[in-house]
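Since the structure comes first, as structure tokens, the remarks are kept for the end.
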């Protein structure tokens, strides 16, 4: 299984750096959909994921429309993460899928409302208390990516720590 983390118009460089680190550690591919709210060479992006950039698979897209033209939701296992999601992220929806795309919107607005309405059955959410706007983007990505991995028995990740073998 290949996990594709898609950030649509991310605005905060530190979040993107942290997400890059999560993607590198889990083998997920990171898609950055422009326009970005910062330069990819921004020191805050680099600092947050500095020693992981060379281990990261990353693809940039000029716009959300261009991304959707290349990776059509109707032809891919695509999930749209939103506080308005129809399903809870921990529902058994990720098992036995070949490739998965999880899309996250910009920090201040989320994903476009028309896209969410069009793909309402593929929206997922992380439960939280009422009247709160949302979790931090990098935390949300980590929660979802590790749930996808959990539902797939953490295939492709280190099974046993070698800590005690090094002592």
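The values are calculated or read from the model by the stated rules, or taken from the named source; none is laboratory data. Here the structure is a predicted model, which means the values were calculated and not measured. Note: ideal-geometry Cβ built from the backbone for every residue, glycine included; neighbour counts use all protein chains shown.
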*Within region 106-121, count every residue that is over 15 Å from residue 8 (Cβ atoms) and buried (at least 20 other Cβ atoms within 10 Å of the Cβ).*
0
*May I ask you to verify whether residue 66 is exposed (fewer than 12 other Cβ atoms within 10 Å of the Cβ), modelled with pLDDT of 95 or more and closer than 21 Å to residue 19 by Cβ?*
no
_In region 129-147, the residues that are in a helix (DSSP H, G or I) and in contact with a helix residue (DSSP H, G or I) (Cβ under 9 Å, 6 or more places away or on another chain)_ = 137, 138, 139, 141, 142, 145, 146
*From 133, 167, 150, residue being under 26 Å from residue 32 (Cα atoms) and at pLDDT below 85*: 133
*Which of the residues spanning region 1-19 are out of contact with any strand residue (DSSP E or B) (no Cβ under 6 Å at 6 or more places or on another chain) and either part of a helix (DSSP H, G or I) or farther than 18 Å from residue 57 by Cβ (or both)?*
12, 13, 14, 15, 16, 17, 18, 19
*Filter pass, residue 161 being over 23 Å from residue 33 (Cβ atoms), assigned to a loop (DSSP other than H, G, I, E, B) and without any contact (Cβ under 8 Å) to a residue 60 or more places away in the chain*: yes
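Each row is one residue, and each column tells you yes or no for (1) under 18 Å from the mean Cα position of the chain (by Cα); (2) not in a loop (DSSP other than H, G, I, E, B).
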position: 58; (1), (2): yes, yes
position: 74; (1), (2): no, yes
position: 79; (1), (2): yes, yes
position: 96; (1), (2): no, no
position: 101; (1), (2): yes, yes
position: 127; (1), (2): yes, no
*What number of residues in region 125-139 are within 13 Å of residue 16 (Cβ to Cβ) and in contact with a strand residue (DSSP E or B) (Cβ under 8 Å, 6 or more places away or on another chain)?*
1
_Being at pLDDT 95 or above and surrounded by 17 or more Cβ atoms within 10 Å (Cβ to Cβ) is the filter here; which residues of region 86-105 pass it?_
89, 100, 101, 102, 103, 104, 105
*Taking region 1-30 as the search range and keeping residues that are within 26 Å of residue 95 (Cα to Cα) and without any contact (Cβ under 8 Å) to a residue 60 or more places away in the chain, which one is surrounded by the most Cβ atoms within 10 Å (Cβ to Cβ)?*
20
